[in-house]
Amino acid sequence: RTMSEEKKLRRQKGIIAGVCGGLGAFFGLNPWWFRILFLILLLPGGLPGLVPYIILWIVIPRKR
């Protein structure tokens with residue numbers, strides 16, 4: 001594979017920050033699965049879902 005053919009994790013245009021869209025594109029899954037996962041993680045008090053989302057928002061570069 002060449003560099004241009006490699007899968008790269010990038011944030012997509014999305015509902016909030018594009019984290020779930022980027023994860024969905026990278027793993028070949030519908031972004032709604034990641035949205036549901038983060039929503040479930042938000043239920044027990046917020047931090048288990050909010051902290052990883054914010055970290056991913058900062059770490060994953062935006063799609064150009």
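Some observations on this one:
- Residue within segment 43-63 that is under 14 Å from ARG10 (Cα atoms), of a type in the set (D, E, K, R) and surrounded by 12 or more Cβ atoms within 10 Å (Cβ to Cβ) present: yes
- When segment 22-39 is filtered for residues that are more than 13 Å from LEU9 (Cβ to Cβ) and open to solvent by 100 Å² or more (accessible area, probe 1.4 Å), the ones remaining, listed by number, are TRP32, TRP33, LEU39.
- Qualifying positions in segment 29-64 - in a loop (DSSP other than H, G, I, E, B) and more than 10 Å from VAL19 (Cα to Cα): LEU29, ASN30, LEU43, PRO44, GLY45, GLY46, LYS63, ARG64
- Any hit, segment 15-28, residues being out of contact with any helix residue (DSSP H, G or I) (no Cβ under 9 Å at 6 or more places or on another chain), at pLDDT 90 or above and in a helix (DSSP H, G or I): yes
The values are calculated or read from the model by the stated rules, or taken from the named source; none is laboratory data. Because the structure is a prediction, the values reported are computed rather than measured. Counting neighbours? That spans all protein chains shown, and the Cβs are built from the backbone with ideal geometry, glycine included. To get the accessible areas, we keep the full protein, side chains included, count just its heavy atoms, and leave off ligands, DNA and RNA. Shrake-Rupley method; radii C 1.70, N 1.55, O 1.52, S 1.80 Å.
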